[in-house]
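Below: one structure, written as C-alpha cells.
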Ligand code: HEC
Ligand code: HEC
C-alpha cells in the first residue's frame, strides 16, 4: 500500500470509529479474523527477514553504523539507530532511583539486596530470560509481576504493584542489569512458556476492537515504516530488547511521571490508541503478548536504558 492509500484506509477507519461497535458482516468473520502472516513468524529476531526486508540494516551494531553512513532513515533501521544503539542520558536518574528502592531496607532491615546481592549483582542477565515460568506462583510472569510478588511476599511491601512508580523504576533497574545480554526466552521446548507464546502470537494477529485492527495490522508491512498518527510503527522483531524504555514526555495513569514504559505499559498504550480494550497489566493475555514480543527479540542483545524519541526529529521528515 502506498502512502495515499494508507491515508485513505485510515480515513475509512476514522469513519468506522464513529459507530459504537463494529462487527464483520455475516460470513466475512472468518476471513477477517486474523491479519495475514501468522504462519511466517519464528521466535527469533532474524524472523524479520520474512517481513520487513530491513533486518540487514539493523541486525547488529556494525550494520546500523553502515546504514547510517549510507544516509538511511530510522524507519529503515527499525528505529534501532537510536532506540537501541544510543543510550538514554535522561534515564540515568531513573536508574539511580531504582537502585535506591532496591537497597531500601524495610522495617525488619531487609531489602531486595538481602537476597539478590548488593546492587542486584545476582540478578545480572536474568531479565534477558524474562518472562519466565515461576513454579512458586504457578504461572508465567513478567518483570513487574515478579517484582510485585517479591516485594509483597518476601518484604511485606504492599504498594509496589504493577504500574506504580517504584515497580516501573525497579523494572528498568533490574532490566539494566542485563544490558548487553542476548534475549533468550525458550518457547520451543514444550511447556507453559511455549503455550503462552502461541496464545500471544494469536492475540497479536487477531483483529479486535472498534477499528477491527490487530497489533499486526500496524506492525507488519505494508503499514510498517509508513506514517500513522504522525509516527511510523516498527516491526515487532527486536523491539522487546530495549524495554522498559524511557518515554518522556508521555506517562500513563499510575506511572506517576516516572516516564518509564515497561513493555506492559507499551502494549496497553497501543491498545488504547487503536481503540481495543486495554488489558490489565500482568494478566494472562497481557503476559502472553509480552512473551510473544520478547521471544521475537531472541538473539538480539538487550539495550537498557534507551529512549523512545530521538532528540533530533530528522527521522520524521521523510
Ligand atoms: C527473601 C528473599 C527475596 C527478597 C527480599 C526478594 N526476592 Fe526476588 N526472588 C527471590 C526468590 C526466591 C526468587 C525466585 C522466584 C520466586 O520465589 O518468586 C526471586 C526472583 C526474582 C526475580 C526473577 C529472577 C529470575 O531468575 O527469573 C527478580 C527480577 C527479583 N526476584 C527481583 C526482586 C526485587 C526487585 C526485590 C525487591 C523488591 C526482590 N526480588 C526481593 C527471593 C527474594
Ligand atoms: C493503529 C496502529 C497500531 C496498532 C493497531 C498497534 N500499534 Fe503498536 N505502535 C504503533 C505506533 C504508531 C507506535 C509508535 C511508533 C513506533 O513504533 O515507532 C507503536 C509502538 C509499539 C511498540 C514500541 C516499539 C518500539 O520500538 O519502542 C510496541 C512494543 C507495540 N507498539 C506493540 C503493539 C501491540 C502489542 C499491539 C496490539 C495490542 C499494537 N502495538 C497495536 C501503532 C500501532
State yes or no: is residue 144 under 18 Å from residue 292 (Cα atoms), touching a strand residue (DSSP E or B) at 6+ places or on another chain (Cβ under 6 Å) and surrounded by 14 or more Cβ atoms within 10 Å (Cβ to Cβ)?
-> no
Give the residues of region 94-111 that are assigned to a helix (DSSP H, G or I) and over 11 Å from residue 172 (Cα atoms), sorted by residue number.
-> 100, 101, 102, 103
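Among the residues of region 241-251, write down those that are more than 13 Å from ligand 2 (Cβ to nearest atom) and either modelled with pLDDT of 80 or more or touching a strand residue (DSSP E or B) at 6+ places or on another chain (Cβ under 8 Å) (or both). It would help to see each step written out before you state the result.
Restricting attention to region 241-251, the residues satisfying the condition of being more than 13 Å from ligand 2 (Cβ to nearest atom) are 248-249, 251.
Across region 241-251, the qualifying residues are 248, 249.
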State all residues of region 133-185 that are assigned to a helix (DSSP H, G or I), under 20 Å from residue 115 (Cβ atoms) and within 16 Å of ligand 2 (Cβ to nearest atom); if no residue qualifies, say none.
-> 143, 144, 171, 172, 175
From the options 211, 236, residue that is in a loop (DSSP other than H, G, I, E, B), in contact with a helix residue (DSSP H, G or I) (Cβ under 7 Å, 6 or more places away or on another chain), near ligand 2 (Cβ under 8 Å from one of its atoms) and modelled with pLDDT of 90 or more = 236
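Where residues in region 267-291 are touching a residue at least 12 places away in the same chain (Cβ under 8 Å), assigned to a loop (DSSP other than H, G, I, E, B) and over 22 Å from residue 127 (Cα atoms), which of them is nearest to ligand 2 (Cβ to nearest atom)? Break it down into steps so the answer makes sense when it comes.
Taking region 267-291 as the starting set, the residues that turn out to be touching a residue at least 12 places away in the same chain (Cβ under 8 Å) are 267-271, 273-277, 279, 281-282, 284-291.
Subsequent filtering for residues that are assigned to a loop (DSSP other than H, G, I, E, B) retains 274-277, 279, 281-282.
When the remaining residues are screened for being over 22 Å from residue 127 (Cα atoms), the result is 274-277, 279.
On the way: 274: 4, 275: 9, 276: 6, 277: 10, 279: 8 Å.
Going through the qualifying residues, I end up with 274.
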Which listed residue is in contact (Cβ under 8 Å) with a residue 40 or more places away in the chain, surrounded by fewer than 18 Cβ atoms within 10 Å (Cβ to Cβ) and under 20 Å from residue 291 (Cβ atoms), from 110, 139 = 139
Determine whether region 36-58 contains at least one residue that is assigned to a helix (DSSP H, G or I), within 13 Å of ligand 2 (Cβ to nearest atom) and closer than 17 Å to residue 215 by Cα.
-> yes
Quick check: anything in region 167-181 modelled with pLDDT of 95 or more, farther than 30 Å from residue 77 by Cα and within 12 Å of ligand 1 (Cβ to nearest atom)?
-> yes
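The values are calculated or read from the model by the stated rules, or taken from the named source; none is laboratory data. Remember, it's a predicted structure, so these values are computed and weren't measured experimentally. Cβ sites come from the backbone with ideal geometry, for glycine too, and all protein chains shown count toward neighbours.
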